[in-house]
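**Student:** Structure below; questions to follow.
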Amino acid sequence: MARKDMPLDKEESSGGFERILLILVPAIFTIVLLGALAIFFRADVRDGMIDLANKIPIVKDWVPDPVLTPEEQKLKEAKEQEESAEATIVELKKQLAEREETLSEVTEQKAAQENKVKELESQIDSLQNQNTGSPEQEEDPYTKQIRELAKLYADMSPSKAAPIMQNLTLEEMVLMLSQMKSSNRVAILEKMDPKTAAEATMMLKDAKPSEDLAIAALQSRIKKNDTEAASSKTSSSNLDKNQLNQTFAGMTPTNAAELLMQTYKISPAKTMTILNTVDDATRSRIMNAMSSKDPELAARILNRLMGSK
């Protein structure tokens, strides 16, 4: 009841005094304790007590540090260095663990990137194979045939392939050789006529694209066919043996002899062909007329006629 009636300012001063006592009592106790230690206890016990007091949170600020001998100071420093070294080792181990963890993450990322690169390379190879396969599927029939023919010649023995290929045009021969392996090409060239092989080799060294060689081969074949067609047309327009026989049989021996003598001067072979074509009676009349005009020439012609039989 009296506590409740106490004024507020007195309560505040009483609380402040209590707090001061809480601080002064440990301080006074510590001072007395230190004095007792200094007076009554040995130095080692006193140092132990001071060391114990240094471990008390508030009291340690009022207690002086223990006085150490040089050996104790060295031991203390060594212990502090050891503790510092252990702390450094712990810190280094921690950093090493962090680095290893980081390295592991980097390694995993690198492995993932390598797998991604391999996948991309596989996709690229697949696309390239598709692109490479497309031209083969859409290969021109003429080009495919050329490859097959070249393989056919390459599979033959060089001694058999060379004579057959020499009957081709030079451009066709070069086209076939260009589609062969080097070993097959060399073996066939060795069996060819040296002049033909040299011409083919000179054309091969220019290393023209296959398309250009194919065009050149087609052009040479067309040209050869045209030439052969023109030659055949010319041959067909010439007189056959029956027509020649009838022509000279219908002429007078004198005119026929004169014509053949002039023809002999230009082309002896044609004169001999005509005389071999006509029948025996016509030939006898013509040779009789020749002997009358030029006995020496008639003798040469007769000699050739006898030699050709």
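The values are calculated or read from the model by the stated rules, or taken from the named source; none is laboratory data. Here the structure is a predicted model, which means the values were calculated and not measured. Glycine also receives a Cβ, built like all others from the backbone with ideal geometry; neighbour counts cover every protein chain displayed. Heads up: the accessible areas ignore ligands, DNA and RNA and are worked out on the full protein's heavy atoms, side chains in. Shrake-Rupley method; radii C 1.70, N 1.55, O 1.52, S 1.80 Å.
**Student:** Leu177 - would you say it is outside any helix (DSSP H, G or I), at pLDDT 80 or above, within 30 Å of Asp193 (Cβ to Cβ) and open to solvent by less than 100 Å² (accessible area, probe 1.4 Å)?
**Tutor:** No, not satisfied.
**Student:** Which of (1) assigned by the TED database to the domain that holds Ala216; (2) open to solvent by 90 Å² or more (accessible area, probe 1.4 Å) does Glu98 not meet, given it meets every other one?
**Tutor:** With respect to (1) assigned by the TED database to the domain that holds Ala216; (2) open to solvent by 90 Å² or more (accessible area, probe 1.4 Å), Glu98 is out only on (1).
**Student:** Now for a separate question. Exactly one of (1) at pLDDT 85 or above; (2) over 30 Å from Ser182 (Cβ atoms) is unmet by Gln246. Its number?
**Tutor:** Single failed check for Gln246: (1).
**Student:** Further question on the same structure: Give Ala289, Ala230, Ala299 a once-over and let me know the one that is open to solvent by less than 80 Å² (accessible area, probe 1.4 Å), part of a helix (DSSP H, G or I) and modelled with pLDDT under 85.
**Tutor:** Details: Ala289 fails: modelled with pLDDT under 85; Ala299 fails: modelled with pLDDT under 85.
Of Ala289, Ala230, Ala299, the one residue that is open to solvent by less than 80 Å² (accessible area, probe 1.4 Å), part of a helix (DSSP H, G or I) and modelled with pLDDT under 85 is Ala230.
**Student:** All but one of (1) part of a loop (DSSP other than H, G, I, E, B); (2) at pLDDT 75 or above hold for Leu239, so report the exception by its number.
**Tutor:** Only one criterion is unmet by Leu239, namely (2).
**Student:** Got a number for residues in region 268-286 being β-branched (Val, Ile, Thr) and assigned to a loop (DSSP other than H, G, I, E, B)?
**Tutor:** Pass one, region 268-286, residues β-branched (Val, Ile, Thr): 271, 273-274, 277-278, 282, 286.
Among the residues that remain, those that are also assigned to a loop (DSSP other than H, G, I, E, B) are: 278.
Adding up the residues that qualify gives 1.
**Student:** Name the residues in region 174-219 that are under 25 Å from Ser159 (Cβ atoms) and of a type in the set (Ser, Thr, Tyr), would you?
**Tutor:** Correct list: Ser178, Ser182, Ser183, Thr196, Thr201.
**Student:** Okay, moving on. When you go through (1) modelled with pLDDT of 85 or more; (2) of a type in the set (D, E, K, R); (3) open to solvent by 60 Å² or more (accessible area, probe 1.4 Å) one by one for Asp206, which number turns out not to apply?
**Tutor:** Against the list (1) modelled with pLDDT of 85 or more; (2) of a type in the set (D, E, K, R); (3) open to solvent by 60 Å² or more (accessible area, probe 1.4 Å), Asp206 comes up short only on (1).
**Student:** Pairs needed: first member in region 246-274, open to solvent by less than 80 Å² (accessible area, probe 1.4 Å); second member anywhere, aromatic (Phe, Trp, Tyr); C-beta distance under 6 Å; at least 6 residues apart or different chains.
**Tutor:** From residues that are open to solvent by less than 80 Å² (accessible area, probe 1.4 Å), the pairs are Ala256/Phe248; Thr271/Tyr264.
**Student:** For Gln166, only one of the following conditions fails: (1) modelled with pLDDT of 75 or more; (2) open to solvent by less than 60 Å² (accessible area, probe 1.4 Å). What is its number?
**Tutor:** The number of the failed condition is (2).
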